[in-house]
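Q: Here it is, the structure in full.
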Amino acid sequence: MSHRFEGKVAIVTGGARGQGEQIVRALAREGGSVVIGDVLDDLGQTVADDVGDAVVYTHLDVTAPEDWAGAVALATSTFGGLDVLVNNAAIYRKQLLKDETAADLDKVLAVNLHGPFLGIQAVAPAMRARGGGSIVNVSSLAGTTSYAGHGSYSMSKWALRGLTRTAAIELEASKIRVNAVLPGNIRTGMSPTTASSDTPTGLKRQADPQETANVVVFLASDDASFVNGTDVVADGGSLLG
Ligand SMILES: NC(=O)c1ccc[n+]([C@@H]2O[C@H](COP(=O)([O-])OP(=O)(O)OC[C@H]3O[C@@H](n4cnc5c(N)ncnc54)[C@H](O)[C@@H]3O)[C@@H](O)[C@H]2O)c1
């Protein structure tokens with residue numbers, strides 16, 4: 001067992017279930033302390049209780065700047081600082097462009113794009129105080145291609161890559177790395193079907209959330225110390241061919 005996160009403190013949004021939960025568990029297994037931020041309070045608290053003292057849960061609606069301030073303050077008061085942010089929380093929406101409304105597009109952008117933007121603003125001072133850090137934004141394969149009915153979701157995930165690049169440039173001097181992960185179809189509540197199995201190329205199966213969590217955790221760790229401002233696609237090769 002490696003101890004890549006010994007002495008490190010992370011905030012993981014959307015950590016109450018799915019891929020986020022696996023990220024939380026992996027960080028804790030490797031010695032890290034974690035603040036789970038989510039809006040599913042019962043589920044999030046259950047995960048925190050299950051993992052133990054290294055993990056605390058807080059209500060963090062990523063669209064609310066005051067919740068971000070609270071989560072950063074909690075990380076600092078409970079664990080002494082902040083080194084890692086994983087912007088994992090998101091909502092999924094499927095609607096053809098002809099039927100989509102600006103109001104529903106705004107809801108998706110608020111969580112999937114404004115959320116990480118507010119998070120980056122909120123955590124940067126605390127990371128600077130530690131001499132650096134790592135931010136991982138969870139985009140999607142829909143952030144480098146798209147599919148019918150994925151207009152709002154795809155817009156949010158493409159834009160998150162632009163935010164990733166800009167933040168990496170602006171935070172480089174503070175030794176804060178910022179990268180994005182673009183998972184393919186993961187077996188979670190967001191995507192419970194076996195949709196990826198019909199792709200013509202690649203592994204032809206959904207990812208176990210642990211498999212994509214591993215990629216996020218790599219980028220969050222010092223093993224990725226020379227990786228900055230880029231995307232890592234974790235899709236089982238579905239874009240091949
Ligand atoms: N499941 C997939 O196939 C897939 C594919 C590509 C990318 N992703 C991305 O992976 C990430 C994790 O998704 P998942 O599959 O585990 O989905 P999930 O729905 O199981 O988990 C998303 C989590 O985000 C939380 N969340 C939603 N709105 C929030 C808000 N306003 N504030 C705080 N938390 C909020 C949810 O409560 C939930 O715990 C997301 O960014 C998603 O877009 C998923």
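The values are calculated or read from the model by the stated rules, or taken from the named source; none is laboratory data. Source: prediction; values computed, not measured. Don't worry about glycine lacking a Cβ; one is built from the backbone with ideal geometry, like all the others, and counts go over all protein chains shown. Surface accessibility is based on the protein's heavy atoms, side chains included, excluding ligands, DNA and RNA. Shrake-Rupley method; radii C 1.70, N 1.55, O 1.52, S 1.80 Å.
Q: Given the options LYS98, LYS204, LYS175, which has the most mean-square fluctuation in a GNM of the chain, springs set between C-alpha atoms less than 10 angstrom apart?
A: LYS98
Q: Still on this structure: Between HIS59 and THR166, 0.36 nm times their residue separation minus their Cα-Cα distance comes to what?
A: Working it through step by step, the gained length comes to 35.7 nm.
Q: Please list PHE226, PHE79, PHE5 from largest to smallest accessible area, probe radius 1.4 Å, with all protein chains kept in place.
A: The ordering from most to least exposed comes out as PHE226, PHE79, PHE5.
Q: Next question. If I fit a long axis through the Cα atoms of helix 41-51 and take the longest principal axis of the Cα atoms of the chain, what angle between them do I get, 0 to 90°, rounded to 10?
A: Approximately 60 degrees, to the nearest 10.
Q: Among residues other than ASN112 whose Cβ falls under 12 Å from its Cβ, what is the net charge (Lys/Arg +1, Asp/Glu -1)?
A: So the surrounding residues net to +3.
Q: Could you calculate the contour length gain from ASP106 to ALA173, that is, 0.36 nm times the residue separation minus the distance between their Cα atoms, to one decimal place in nm?
A: Using 0.36 nm per residue and subtracting the Cα-Cα distance, I get 20.9 nm.
Q: First select every other residue whose beta carbon is under 12 angstrom from the beta carbon of GLY237; then total the charges, Lys and Arg +1, Asp and Glu -1.
A: +1
Q: Can you tell me the dipole magnitude for the chain around its Cα centre, using point charges on the Cβ only (Lys, Arg +1; Asp, Glu -1), in Debye to the nearest 20?
A: In total the dipole reaches around 600 debye.
Q: Give the percent of DSSP beta bridges with both residues in the chain that are antiparallel, rounded to the nearest 5.
A: Around 5 percent antiparallel, to the nearest 5.
Q: Next question, about the same structure. Compute the signed sum of charges (Lys and Arg +1, Asp and Glu -1) over the other residues within less than 15 Å, Cβ to Cβ, of GLY143.
A: +2
Q: Of all accessible surface on the chain at a 1.4 Å probe, what whole percent is carbon and sulfur?
A: Taking all protein chains in place, the chain shows 56 percent carbon and sulfur surface.
Q: Under a straight-distance cross-link criterion of Cα-Cα below 16 Å, which aspartates and glutamates are reachable from LYS175, leaving out those fewer than 8 residues away in the same chain?
A: ASP83, ASP222, ASP223
Q: Once you've got the Cα coordinates, tell me which of LYS107/LYS157; LYS98/LYS157; LYS94/LYS157; LYS8/LYS107 are over 23 Å apart.
A: LYS8/LYS107
Q: Give me the Kirkwood hydrodynamic radius of segment 58-217 in Å, from all C-alpha pairs, to one decimal place?
A: By the Kirkwood definition, the hydrodynamic radius is 16.6 Å.
Q: Have a look at VAL233, VAL216, THR46 and report the one farthest towards the positive end of the charge dipole of the chain, computed about the Cα centre with Cβ charges (Lys/Arg +1, Asp/Glu -1).
A: Comparing the listed Cα positions along the dipole, VAL233 ranks first.
Q: Using a basic spin-label model with each label point 7 Å from the Cα along Cα→Cβ, how many nm lie between ARG205 and ALA73?
A: 4.7 nm
Q: So what is the accessible area of segment 10-113 per residue, in Å², with the probe set to 1.4 Å?
A: 42 Å²
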